[in-house]
Amino acid sequence: MRRVLLLPIAIAGLVNLGIAALVVADRGGEPDTVVTLDERELWLGGEMRDDSSAVRLHWRFQPAAPSRTTAEAGLPVALGPRTLEAIGFDVSVRPGAPEAEKFYAGVPGRPAFVVFDLASEALASRIAAWQARARSKPEGRDPAGAPGLDESAIAAAPARASRLVPVDAGSDAEALRLRYADRKRYVILPAVVRLRRLERAGGAGGPALVGEVGGLLPETLLVPPSSRRAVEPLRARDETRRLPPHAGGVTLAQSPWPPRYRVEIAVGRRMRPRILRVDVINPPAQPDAGTTGPT
Amino acid sequence: MPDFSLPGSQGGAQARADRIRAFELELEEVERDGVLRLTPDERLRLASYHRALRGALVARFDIDVLEGQKPASLGLKLAAIVGALAVATGLALFFFRIWGVLPMAAQVGIVVAAPLAALAGAEVLSRSIRYRVAAGLFVVLSFAALVLNVEVLGAIYSLAPSATVLLGYGAFGVSLAYAYRHRLILAAGAVCLAAWVAAALVASTGGWGLDFAMRPEGVLLGAGGLALWSAVPHGVRYEGFPAVLRTLTMLLVAVAVLLMSRAGHLSYLPADPDAVEVAYQIVSFIVALTAMAIGIKRRWPEVTATATALLAIASLLKFVDWWWDWMPRYLFFLIAGAMALAVSWLLQRVRRRLLKGA
């Protein structure tokens, strides 16, 4: 073998060793959290135009910040300026200052750990706001004009809304865990947090800085081969063609139908989530409207 | 039969064959004009020397010596590149098609072994000059397989995407390129390394590295690294590599400078975004003109070409800023055309000066 080939072989080896080290560091010892979610929080998506035989679940969580409209006035802001500053964003320019618009445009996101509350009281107010807007502004129910927002769909929202509600974020996962010690209620996940400047922070409020969860890391979780066969038939009902509805400017992340499967996930020592098992609910569950706590 | 002193690289061999062909054609013209006439014996010795030399060059380097061979070779190279990319995509999609039904150990084993298996294929094929194109295809497959390796393991083990993988891709691609003198993979690896530098700069400030496109100045740093790398002597063995690196340098600089000249708020500089935009507009012209001058002086056509393109785009953007809103369209395009003709005239003068100096 030519000596010049040793280098690419060594680099390929190092890359795989690096991956192995990351996996061992995260999965060695007891996981930080083991929790059961369902289709409300992890939706089944088709990928690569269904060319792939692997099955992935996509995260679904409630927004951390109000949308750009004023319709969400009164809904809590999970990631405010203080949290953003703690994550490392430069928030030194007042959001109402003339130079603020350009100062806060195009700011790269920051990697952080986001705390999700599985039993948040804020979820109830978001659901109520969404239902009120859906009932009072029928013309604004769905920006895509897609059908499906009849009264039964509106009434079913509490049973279909994702329970993952962001409540806090920080750079230090251990410090967050100390603050949110209930491992059954609070799930801490790595994410990219993005800073957004709102022109009007709801109602008569002026400009404000809010943080939003740009995406969880990773954005999808692979269903292990042992559970794949059970879940695969459900892929036929492609959810990507039915976006979660927005009603009159209020966003509510929710499943278009009752949960069809439960997902047990473990979050490792370095807060990397992974699927342990997926169980199909047969027949699909019809949770009570008020069920928003952890399963 | 004399001993041939053969060139050390395929490019050198092709240049020698081209010179022989030009010499033969010129000799025909000279003889037709009666300036010189070789004796039949001299003509025979010369022809037999060239025939033997061509044979040796073809046997060793598989070069083009006949009319019409070069276009065919160019087509062959393009087809090989398209073929390699298509085969790599096809194999990746095939893997995605079947990986769900494979046990996890098999999934991991396949993706870890794939880059090394493709590398072994490239090594075996590269031993024969006849399978040069096929060996190149396996080099591309090896690079693509490493990317697949990382992506699939990342999915299996729920790893967060990270800009650090760009370093792995870049280092692997560059090491492959030097092992097999593969310019396409050199370009791919160099772009990954430049992107990694930009991403590392964002990450060093606590930002999300993969958002490096939101801080284009980091790309300038990566491009600077490529420029330094291109200045390292490569010898005849890697001829063509510096030109690839210079082209990438110019392209990255052009993209970053043009972006910054329109979006000053993306700058690291603690300055007013409007002032940053104006500064980068000036920089774009200085960079383009300087690079054109260097390209002409050092005879780097790739640098001259990309610098001219940068100058043209920067000028057009500035003209749009100044005139588009109020000037009649016909006048706008007439002025833009006149400017292009002025640049052509300038380059023509430079060309004539170079001819006089020759």
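The values are calculated or read from the model by the stated rules, or taken from the named source; none is laboratory data. As the structure is a computational prediction, the values presented were derived from the model and not from experiment. Heads up, the Cβs are rebuilt from the backbone with ideal geometry, glycines too, and the neighbour counts pull from every protein chain shown.
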*Those residues of the range B:245-261 which are among the hydroxyl-bearing types (Ser, Thr, Tyr) and in contact with an Asp or Glu (Cβ under 9 Å, 6 or more places away or on another chain), in sequence order*: B:Thr247, B:Ser261
*Determine whether the range B:147-159 contains at least one residue that is farther than 30 Å from A:Ala266 by Cβ and of a type in the set (S, T, N, Q).*
no
*Failed condition for A:Leu176, given (1) in contact with a Gly (Cβ under 6 Å, 6 or more places away or on another chain); (2) modelled with pLDDT under 95, with all others met?*
(2)
*Among the residues of the range B:232-286, write down those that are surrounded by fewer than 16 Cβ atoms within 10 Å (Cβ to Cβ) and of a type in the set (Lys, Arg).*
B:Arg237, B:Arg262
*the range A:104-129: number of residues that are farther than 28 Å from B:Ser162 by Cβ and within 13 Å of another protein chain (Cβ to nearest Cβ)*: 0
*Every residue from the range B:31-64 that is surrounded by fewer than 13 Cβ atoms within 10 Å (Cβ to Cβ), more than 30 Å from B:Tyr180 (Cα to Cα) and not charged (D, E, K, R)*: B:Gly34, B:Val35, B:Leu36, B:Thr39, B:Pro40, B:Leu44, B:Ala47, B:Ser48
*Among residues belonging to the range B:160-181 that are more than 10 Å from every other protein chain (Cβ to nearest Cβ) and closer than 30 Å to A:Ile265 by Cβ, point out the one that is surrounded by the most Cβ atoms within 10 Å (Cβ to Cβ).*
B:Leu166
*Could you list, in sequence order, all residues of the range B:101-119 that are among the small types (Gly, Ala, Ser) and surrounded by 16 or more Cβ atoms within 10 Å (Cβ to Cβ)?*
B:Ala114, B:Ala118
*Name the one entry in B:Ala307, B:Ala223, B:Ala288, B:Ala227 that is away from chain A (no Cβ under 14 Å), closer than 19 Å to B:Ala342 by Cβ, free of Cβ contacts under 8 Å to residues at least 40 places away in the same chain and outside any loop (DSSP other than H, G, I, E, B).*
B:Ala288
*asked:* Regarding the range B:60-69, can at least one residue be identified that is under 26 Å from B:Arg16 (Cβ atoms), away from chain A (no Cβ under 11 Å) and at pLDDT 90 or above?
replied: no
_Those residues of the range A:3-29 which are of a type outside the set (A, V, I, L, M, F, W, C), free of Cβ contacts under 8 Å to residues at least 12 places away in the same chain and more than 7 Å from chain B (Cβ to nearest Cβ), in sequence order_ = A:Arg3, A:Gly13, A:Gly18
*In this structure, is B:Tyr131 hydroxyl-bearing (Ser, Thr, Tyr), more than 11 Å from chain A (Cβ to nearest Cβ), assigned to a helix (DSSP H, G or I) and surrounded by fewer than 20 Cβ atoms within 10 Å (Cβ to Cβ)?*
yes
*Looking for whichever is more than 8 Å from every other protein chain (Cβ to nearest Cβ), modelled with pLDDT of 95 or more and touching a Leu at 6+ places or on another chain (Cβ under 9 Å) here; the options are B:Phe138, B:Phe143. Which one fits?*
B:Phe143
*Quick check: is even one residue across the range B:211-219 over 30 Å from B:Pro103 (Cα atoms), in contact with a helix residue (DSSP H, G or I) (Cβ under 9 Å, 6 or more places away or on another chain) and away from chain A (no Cβ under 13 Å)?*
yes
*Mind checking which residues of the range A:173-199 are farther than 23 Å from A:Glu39 by Cα and either part of a strand (DSSP E or B) or facing chain B (nearest Cβ under 9 Å) (or both)?*
A:Val193, A:Arg194, A:Leu195, A:Arg196, A:Arg197, A:Leu198
*Conditions (1) farther than 30 Å from B:Ala179 by Cβ; (2) surrounded by 14 or more Cβ atoms within 10 Å (Cβ to Cβ); (3) at pLDDT 90 or above: number failed by B:Thr290*: (2)
